[in-house]
Amino acid sequence: MTTAPGHPSDVPPLPERSIPALRAAIAAHAPELLPDFEASWRAKVADTYDISAAPAFLARWWAEYALARDPELDRHVRDLEERAARAADPEKAQALLEEAAEIHTRISRLGPGE
């Protein structure tokens with residue numbers, strides 16, 4: 001498997017930005033997401049025949065997979081979110097959530113091959 005420059009070798013690169021390619025990548029590298037991906041596809045697009053929902057579906061699952069394919073980063077973000085939920089200090093909770101949101105934003109902007 002080829003990786004992008006500066007890309008950790010054990011983290012698979014993102015696929016072509018299409019629903020079939022994303023589904024295949026999820027099945028291969030983050031199969032724990034596949035049941036939710038399939039259920040969401042049926043609920044949002046397939047069962048409703050609403051193809052206008054496909055871009056939003058792709059954007060959401062692109063970000064989900066981009067995070068899940070990197071277990072270390074996924075654990076870090078989940079830890080930030082859990083610590084924010086337990087924080088007694090609202091400012092500390094906000095800072096933790098902002099850090100998690102920055103990571104979510106950064107990974108959602110990644111392109112194929114990254």
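No lab work stands behind these numbers, since they all come straight from the coordinates. Quick caveat: nothing in here was measured; it's all calculated off a predicted structure. Quick reminder, even Gly has a Cβ in these numbers, built from the backbone with ideal geometry, and neighbours come from all protein chains shown.
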If I take all pairs of Cα atoms in the chain, what percentage of them are more than 19 Å from each other? 52
One-quarter of the Cα convex hull surface for the range 49-114, in nm²? 5.7
222 nm [θ] for the chain, helices only, -39500 (n - 2.57) per DSSP H run of 4+, per residue, to 500? -19500 deg cm²/dmol
Given charges at beta-carbon only (K, R positive; D, E negative), |dipole| of the chain in Debye: 260
In nanometres, what is the gap between the two model label sites at residue 56 and residue 28, each 7 Å from Cα along Cα-to-Cβ? 3.0
Computed lengthening from residue 79 to residue 19, 0.36 nm per intervening residue step minus Cα-Cα distance: 18.7 nm
